[in-house]
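*Asks:* My questions will all concern the structure given below.
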Amino acid sequence: MVQKRGDVIKTSYRNYAANFEKLLSGKIKNSVKKRFITTPIYYVNGNPHIGHLYTSVACDVLSRFYKLFSKVAFSSGTDEHGQKVEREALKRNLEPQKYVDEMQSKFLDLLDRSNVKVDCFVRTTSKDHKENVLKFWNKLVDSGNIYKGSYSGWYSTVDESYYSESEIKDGKSIETGSDVEWLEEEVYFFKLSEWKEKLLEIYSDSNMIFPEERRKEVLGMINSDLPDLCVSRSNFSWGIKLDDQNVVYVWVDALVNYITALDRINSKQDTDCFSIENAIHIIGKDILKFHAIYWPAMLLACKVPLPSKIYAHGWWTVDGQKMSKSLGNVVDPFDLMSKYGADEVRYFLLKEMNFGNDGDFSYKKLEDRINLDLANSIGNLVQRILKFTEKEYGRVPKLDFIDDDKDMAILQEWDKALIKSIEFMDNQSLHSYLDSFISAVFETNKYLEDQSPWKKSADRKRKILSVGCECLKRMSILGAPIMPEKMIEIVKAINIMDHEELEEQPVSDIDISSHLNSYVSNLNNWTFPLNENYLNKDKIFPIFSKH
RNA sequence: UGCGGGGUAGAGCAGCUUGGUAGCUCGUCAGGUUCAUAACCUGAAGGUCGUAGGUUCAAAUCCUGCCCCCGCAACCA
């Protein structure tokens with residue numbers, strides 16, 4: 001439909017929209033049909049912080065993006081067992097269950113508040129999960145990968161960990177200075193060492209672990225030392241019981257959450273079920289070992305196919321310093337969102353951190369991003385197009401033919417942004433996706449400047465503004481996974497989706513992808529009155545004064 | 001020490017796989033414009049690409065040595 005360079009470009013809008021529809025329906029690139037996206041389950045021994053928020057948002061953006069054109073299941077949850085939790089509960093004079101109930105709700109709030117929409121939320125204390133863990137355990141036992149042995153060493157109750165001879169001095173840990181005592185436990189072991197060769201073989205030539213440097217790190221870990229793994233504990237009781245003495249090792253318990261999530265998701269559908277093979281595990285780099293070594297080894301032992309991808313992202317520093325309670329620089333995600341807005345914070349987190357590397361948080365950076373990208377570029381773009389359009393026509397003017405190079409070029413800019421985004425997202429390169437999104441916004445501002453509709457004849461003015469509105473539609477689709485709430489506001493202003501349907505649910509729940517059919521078919525015949533209710537609302541992205 | 005990552009304009013980064021006019025965002029300075037949120041657009045200044053060698057007609061890009069920073073070697077996303 002688009003002619004070669006040099007030819008006169010002239011195409012009907014219908015053709016153009018059809019092509020866009022093709023892009024979205026995944027006909028151009030749709031090699032992977034099902035994706036099971038997971039956050040780690042969050043340990044409830046402390047309040048949610050910005051890192052939890054980041055992981056959740058990153059997964060949500062992946063999930064919402066892929067839902068535009070393929071099948072996705074998205075799970076998260078909380079890890080509620082273990083000695084630290086038991087101790088925290090004790091400190092507060094609470095039953096562990098009571099304590100985890102309280103903490104767990106904070107994590108649910110976090111997801112809710114940040115517009116993260118999961119399909120499934122697994123608590124390790126829930127009944128079906130406990131059953132799954134025992135089922136999984138029995139599979140490991142049946143496969144001959146579990147044996148009972150004794151574990152002994154210098155143990156610090158305070159630090160909750162064993163130390164080797166070289167790590168202690170005068171009955172104290174060199175590093176933390178806490179007392180250690182000789183302890184012997186009768187516990188179960190998993191024959192991790194037997195999977196060494198198999199894991200090496202898999203990872204030596206595989207694109208399962210991302211980014212690449214993490215794969216090397218994992219290879220290093222496997223090569224250096226891979227002793228059998230102690231998979232039960234006998235010195236505390238808050239966990240899934242194996243016998244009178246032992247509870248299941250926290251990580252066996254935690255990792256099985258992915259199986260529980262699958263069970264729940266699959267129980268809601270008859271066919272076309274998800275499996276671990278569809279999994280894209282998004283994790284922080286600190287838990288790489290558990291996901292890239294322990295988990296695959298256990299899956300191999302149980303003869304379950306491995307996840308398709310394990311992606312380790314970096315950590316947040318605050319003003320260049322490591323985030324820690326003792327420094328008092330832990331950023332509270334709830335405060336952040338109530339001051340700046342959920343979508344704004346989502347945008348910032350993803351833009352600021354190159355997925356895979358560490359990122360640095362500061363209020364100045366956050367406000368700069370919001371003011372420059374969101375308010376000045378996106379917000380202003382929406383405003384200048386819609387206000388002008390409203391003044392001139394009171395409705396979105398129909399775009400029947402595209403017959404100008406510049407018009408075609410800017411529309412194609414958005415198509416390209418979408419195509420590139422699909423590639424970027426397949427590599428979990430979220431920041432590149434945001435880059436291509438915001439670049440298209442910049443280009444659209446340039447287009448307007450270049451075409452200056454305010455100086456043009458009535459015909460040309462109408463054409464330029466209709467192209468401008470078209471760009472806003474593209475923007476709302478491409479930007480919806482990042483800022484679901486704000487992009488829906490734009491959709492509502494342009495009035496191109498069925499409003500009654502939209503009003504029925506809170507904006508953060510609206511999934512543009514689920515409306516895409518009517519949305520796209522509407523592209524062909526639209527002269528929509530602008531929705532004054534939304535036009536006259538406050539600015540979509542207000543500017544923040546310098547921090 | 002072992003393993004891994006990094007050192008590119010004032011700041012933050014991309015480029016390195018497949019060598020060939022050094023790019024992006026922000027900041028600074030000058031101009032344009034008024035449809036729009038004191039916004040938007042254009043242009044300029046600013047870099048011997050950590051360091052010393054090597055390969056090559058040609059290296060930020062490949063190879064070697066060295067210096068500095070930071071992670072992982074610990075149940076914190």
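*Asks:* So which of A:Lys365, A:Lys351, A:Lys406, A:Lys303 is among the basic types (Lys, Arg), more than 15 Å from RNA strand B (Cβ to nearest atom) and either touching a helix residue (DSSP H, G or I) at 6+ places or on another chain (Cβ under 7 Å) or at pLDDT 90 or above (or both)?
*Replies:* Of A:Lys365, A:Lys351, A:Lys406, A:Lys303, the one residue that is among the basic types (Lys, Arg), more than 15 Å from RNA strand B (Cβ to nearest atom) and either touching a helix residue (DSSP H, G or I) at 6+ places or on another chain (Cβ under 7 Å) or at pLDDT 90 or above (or both) is A:Lys303.
*Asks:* For residues in the stretch A:200-218 being of a type outside the set (S, T, N, Q) and outside any helix (DSSP H, G or I), which is farthest from RNA strand B (Cβ to nearest atom)?
*Replies:* A:Met208
*Asks:* Report whether or not A:Asn45 is at pLDDT below 90 and within 11 Å of RNA strand B (Cβ to nearest atom).
*Replies:* Criteria met by A:Asn45.
*Asks:* To continue, here is another question. Write out, first by first residue and then by second, each pair whose Cβ atoms fall under 7 Å of each other, whose residues are 6+ apart or on separate chains, and whose first residue, in the stretch A:34-56, is in contact (Cβ under 8 Å) with a residue 60 or more places away in the chain and assigned to a loop (DSSP other than H, G, I, E, B) while the second is charged (D, E, K, R) and within 9 Å of RNA strand B (Cβ to nearest atom).
*Replies:* Qualifying pairs under 7 Å: A:Val44/A:Asp79.
Every residue, every condition in (1) of a type in the set (A, V, I, L, M); (2) at pLDDT 60 or above; (3) in contact with a strand residue (DSSP E or B) (Cβ under 6 Å, 6 or more places away or on another chain); (4) assigned by the TED database to the domain that holds A:Lys406, yes or no:
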| residue | (1), (2), (3), (4) |
| --- | --- |
| A:Phe442 | no, yes, no, yes |
| A:Asp450 | no, yes, no, yes |
| A:Val467 | yes, yes, no, yes |
| A:Lys473 | no, yes, no, yes |
| A:Glu504 | no, no, no, yes |
| A:Val507 | yes, no, no, yes |
| A:Ser518 | no, no, no, yes |
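*Asks:* Looking at this structure, is A:Ile310 in contact (Cβ under 8 Å) with a residue 12 or more places away in the chain, more than 28 Å from A:Glu86 (Cβ to Cβ) and touching a His at 6+ places or on another chain (Cβ under 9 Å)?
*Replies:* yes
*Asks:* Taking A:Asn257 as the residue in question, decide whether it is at pLDDT 95 or above and not charged (D, E, K, R).
*Replies:* yes
*Asks:* Residues to consider are A:Tyr433, A:Tyr447; find the one that is of a type outside the set (A, V, I, L, M, F, W, C) and more than 30 Å from A:Ser308 (Cα to Cα).
*Replies:* Of A:Tyr433, A:Tyr447, the one residue that is of a type outside the set (A, V, I, L, M, F, W, C) and more than 30 Å from A:Ser308 (Cα to Cα) is A:Tyr447.
*Asks:* Quickly run through the stretch A:90-107 and pick out the residues that are more than 15 Å from RNA strand B (Cβ to nearest atom), of a type outside the set (Lys, Arg) and at pLDDT 90 or above.
*Replies:* Answer for the stretch A:90-107, where residues must be more than 15 Å from RNA strand B (Cβ to nearest atom), of a type outside the set (Lys, Arg) and at pLDDT 90 or above: A:Asn93, A:Leu94, A:Glu95, A:Pro96, A:Gln97, A:Tyr99, A:Asp101, A:Glu102, A:Ser105.
*Asks:* Also, quick follow-up: Filter the stretch A:327-341 for residues that are part of a helix (DSSP H, G or I) and in contact with a helix residue (DSSP H, G or I) (Cβ under 6 Å, 6 or more places away or on another chain); which is surrounded by the fewest Cβ atoms within 10 Å (Cβ to Cβ)?
*Replies:* Within the stretch A:327-341, the match that is surrounded by the fewest Cβ atoms within 10 Å (Cβ to Cβ) is A:Met337.
*Asks:* Considering only residues that are surrounded by fewer than 22 Cβ atoms within 10 Å (Cβ to Cβ), of a type outside the set (Lys, Arg) and in contact (Cβ under 8 Å) with a residue 40 or more places away in the chain, which ones fall in the stretch A:454-465?
*Replies:* If the condition is that a residue be surrounded by fewer than 22 Cβ atoms within 10 Å (Cβ to Cβ), of a type outside the set (Lys, Arg) and in contact (Cβ under 8 Å) with a residue 40 or more places away in the chain, then A:Trp454 is the only one that fits.
*Asks:* For residues in the stretch A:90-111 being part of a helix (DSSP H, G or I) and free of Cβ contacts under 8 Å to residues at least 12 places away in the same chain, which is nearest to A:Asp253 (Cα to Cα)?
*Replies:* A:Asp101
*Asks:* Determine whether A:Lys461 is modelled with pLDDT of 60 or more and either assigned to a loop (DSSP other than H, G, I, E, B) or assigned by the TED database to the domain that holds A:Tyr340 (or both).
*Replies:* Judged against the criteria, A:Lys461 is not a match.
*Asks:* Any residue in the stretch A:361-384 that is closer than 20 Å to A:Ile464 by Cβ and either outside any helix (DSSP H, G or I) or without any contact (Cβ under 8 Å) to a residue 12 or more places away in the chain (or both)?
*Replies:* no
*Asks:* Looking at (1) assigned to a loop (DSSP other than H, G, I, E, B); (2) more than 9 Å from RNA strand B (Cβ to nearest atom); (3) over 30 Å from A:Glu277 (Cβ atoms), which is the one condition that is false for A:Ser324?
*Replies:* Every listed condition holds for A:Ser324 apart from (2).
*Asks:* Just to be sure I understand the filter: pairs with C-beta atoms under 8 Å, separated by 6 or more residues or on different chains, first member in the stretch A:130-152 and closer than 30 Å to A:Trp182 by Cα, second member surrounded by fewer than 12 Cβ atoms within 10 Å (Cβ to Cβ). Which pairs pass?
*Replies:* A:Ser150/A:Glu184; A:Tyr151/A:Glu184; A:Ser152/A:Trp182; A:Ser152/A:Glu184
*Asks:* Identify the residue in the stretch A:219-250 that is of a type in the set (D, E, K, R) and near RNA strand B (Cβ under 10 Å from one of its atoms) and, among all such residues, is nearest to A:Gln97 (Cα to Cα).
*Replies:* Here the residue is A:Arg233.
*Asks:* Looking at the stretch A:306-348, which of the residues that are at pLDDT below 90 and of a type in the set (S, T, N, Q) is farthest from the chain's Cα centre (by Cα)?
*Replies:* Checked the stretch A:306-348; the qualifying residue farthest from the chain's Cα centre (by Cα) is A:Ser326.
*Asks:* Also: Being in a loop (DSSP other than H, G, I, E, B), charged (D, E, K, R) and surrounded by fewer than 21 Cβ atoms within 10 Å (Cβ to Cβ) is true for just one of A:Lys84, A:Lys117. Which residue is that?
*Replies:* None of the others qualify; the one that does is A:Lys117.
The values are calculated or read from the model by the stated rules, or taken from the named source; none is laboratory data. All of these numbers come straight from a predicted model, not from anything done at the bench. Neighbour counts are summed over all protein chains in view; Cβ atoms, including those assigned to glycine, are modelled from backbone coordinates with ideal geometry.
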